[in-house]
Amino acid sequence: MNTGPSRRLGLLAVGALSTVLLSACGGGTSDSEDSGASAEGFPVTVETLFGDVTVEDRPENVVALGWSDAETALALGVQPVGVADWQGYGAPYVGPWAADLLDSEPVELGTMEPNLEAIASLDPDVVLDTRSDNSTERNDLLEPVGPVVGPPPEVEVTYGTTWRQQTRQVAAALGEEARGEELVTELEERFERLREENPEFADTTIAVGAYFDGQYGAYVPGDTRVDVLTELGFEYDPDLVEKADGAFYLDLSPELVETLDADLTVIFPIGDTADLLHEDPVLQNIPSAEDGRLLILDDPETVNAFSSGSTLGIHHALDEIIPLIEGTLED
């Protein structure tokens with residue numbers, strides 16, 4: 001995955017961005033702005049990886065650029081005006097588990113190279129970028145268009161903001177802390193119930209991989225897919241973590257595909273069908289495959305939910321993958 005938008009993009013966008021920003025400054029004002037007062041609870045200051053960020057008033061124009069920031073805003077009852085379609089859903093640019101919460105279709109703004117002119121034209125009160133590549137370059141590129149609420153300070157892995165951190169970070173920026181805690185509690189309680197219902201998950205090792213553009217890779221802790229499974233009680237073999245070197249994903253040569261062996265191996269294709277995985281001798285010859293402990297996720301919607309990292313997406317993923325995991329471990 002690309003490390004983030006290029007500095008060249010920022011330089012090319014300066015002229016157009018400046019023009020749009022000047023235009024946006026002439027836009028309408030809220031009642032609180034007219035009276036000189038902020039909404040209750042505002043201004044708020046949010047701690048981020050790049051320093052404290054102050055949101056002066058309750059945001060009305062919310063731009064959600066980080067991976068699943070849009071779904072998180074919707075779960076909190078806030079309509080984003082612009083979003084990043086990281087998983088390639090197409091309009092309306094969020095997963096089907098979140099789409100019904102939209103009142104209208106938001107503007108699609110790009111992912112690793114966001115469209116600064118389009119963002120500025122939305123006159124954002126806040127730019128959510130809580131799950132991203134953690135680069136100062138990206139943050140600096142976005143700051144001219146509005147206050148940027150990035151990952152919390154403790155995030156070390158790229159795209160490694162957990163679902164709890166993201167929910168709380170977005171909730172703080174939007175003044176929805178109480179609802180954010182409700183969402184966290186609801187999902188935590190579901191994980192607890194599932195652990196109690198499936199005690200065999202404990203002390204069972206897992207590996208999570210993908211097949212993308214002709215190559216296998218492994219996800220490591222800090223990635224939402226691994227984190228969902230460890231929340232269920234599974235254990236992750238730490239051997240690959242050091243090799244990942246701060247990334248959420250590690251490319252694997254054919255000789256290293258066997259490192260995906262575990263008590264349970266979960267793998268899925270990205271941008272391809274799962275037929276190849278069922279037939280590939282490299283994958284099918286690892287011990288977990290030979291022993292029937294390999295779970296290949298075939299359904300694209302299940303894969304997208306598993307990969308979403310939002311509370312909405314995780315709930316949907318759990319609906320689908322728990323029976324699949326139980327069936328694989330029982331065989």
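The values are calculated or read from the model by the stated rules, or taken from the named source; none is laboratory data. Everything numeric here is computed off the predicted structure, so don't read it as measured data. FYI the Cβ positions are ideal-geometry reconstructions off the backbone, even for glycines, and counts take in every protein chain you see. Surface accessibility is based on the protein's heavy atoms, side chains included, excluding ligands, DNA and RNA. Shrake-Rupley method; radii C 1.70, N 1.55, O 1.52, S 1.80 Å.
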Using 0.36 nm per residue, how much length does the chain from residue 290 to residue 91 gain when fully extended, once their Cα-Cα distance is taken away? 67.6 nm
Return the long-range amide H neighbours of residue 295 (sequence gap of 5 or more, or a different chain), with a cut-off of under 5 Å between placed amide H atoms. 265, 266, 267
Residue 230 to residue 137: extension gain in nm, 0.36 nm per residue of separation minus the Cα-Cα distance? 30.3 nm
Protection proxy ranking, peptides 167-176, 42-51, average beta carbon neighbours within 10 Å, highest first: 167-176, 42-51
Can you say what percent of the DSSP beta bridges in the chain, counting only those with both residues inside, are antiparallel? Round to 5. 40 percent
Given 270-276, 64-70, the highest-first ranking by average Cβ count within 10 Å works out to 64-70, 270-276
Which cross-chain or sequence-distant (5 or more) residues have an amide H under 5 Å from the amide H of residue 252, H modelled 1.01 Å from N in plane? 216, 217, 218
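With a 1.4 Å probe and every protein chain kept in, tell me what percent of the accessible surface of the stretch 197-331 is carbon plus sulfur.
That fraction is 48 percent.
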Positive end of the charge dipole of the stretch 115-188 (Lys, Arg +1 and Asp, Glu -1 on Cβ, about the Cα centre): tell me which of 147, 116, 134 has its Cα farthest that way. 134
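Let's test the formula: R0 of 56 Å, r as the Cβ-Cβ distance of residue 107 and residue 243. What FRET efficiency results, to the nearest 0.05?
In this case the efficiency is close to 0.90.
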Can you give the angle from 0 to 90° between the axis of helix 177-197 and the longest principal axis of the chain, with both taken from C-alpha atoms, to the nearest 10? 10 degrees
Where nothing but the Cβ of Lys and Arg (+1) and of Asp and Glu (-1) is charged, how large is the charge dipole of the stretch 146-228 around its Cα centre, in debye to the nearest 20? 260 debye
Using only Cα atoms and rounding to the nearest 10 degrees, what angle (0 to 90) does helix 311-330 make with the longest principal axis of the chain? 0 degrees
Cα centroid separation, the stretch 196-228 to the stretch 41-56 (Å): 34 Å
Please determine, in degrees from 0 to 90 and to the nearest 10, the orientation of helix 7-24 with respect to the longest principal axis defined by the Cα atoms of the chain, where the helix direction is its Cα long axis. 40 degrees
Toy charge model, Lys and Arg Cβ at +1, Asp and Glu Cβ at -1: the chain dipole around Cα centroid in debye, rounded to 20, equals 1020 debye
Determine ³J(HN,Hα), in whole Hz, for all residues of the stretch 51-63 in sequence, where each value follows from phi through the Karplus function 6.51 cos²θ - 1.76 cosθ + 1.60 and θ = phi - 60°; x replaces Gly and Pro. x, 6, 10, 9, 9, 6, 9, 4, x, 9, 9, 9, 9
The answer for the chain, accessible area per residue at 1.4 Å probe in Å², is 44 Å²
For the stretch 62-140, give the percent of accessible area contributed by carbon and sulfur heavy atoms, probe 1.4 Å, rounded to a whole number. 42 percent
So the FRET efficiency between residue 40 and residue 255, C-beta based with R0 = 45 Å and rounded to 0.05, is 0.15
Suppose only helical runs count, i.e. DSSP H with n ≥ 4. What mean residue ellipticity at 222 nm does that imply for the chain under -39500 (n - 2.57) per run, divided by all residues and rounded to the nearest 500 deg cm²/dmol? -11500 deg cm²/dmol
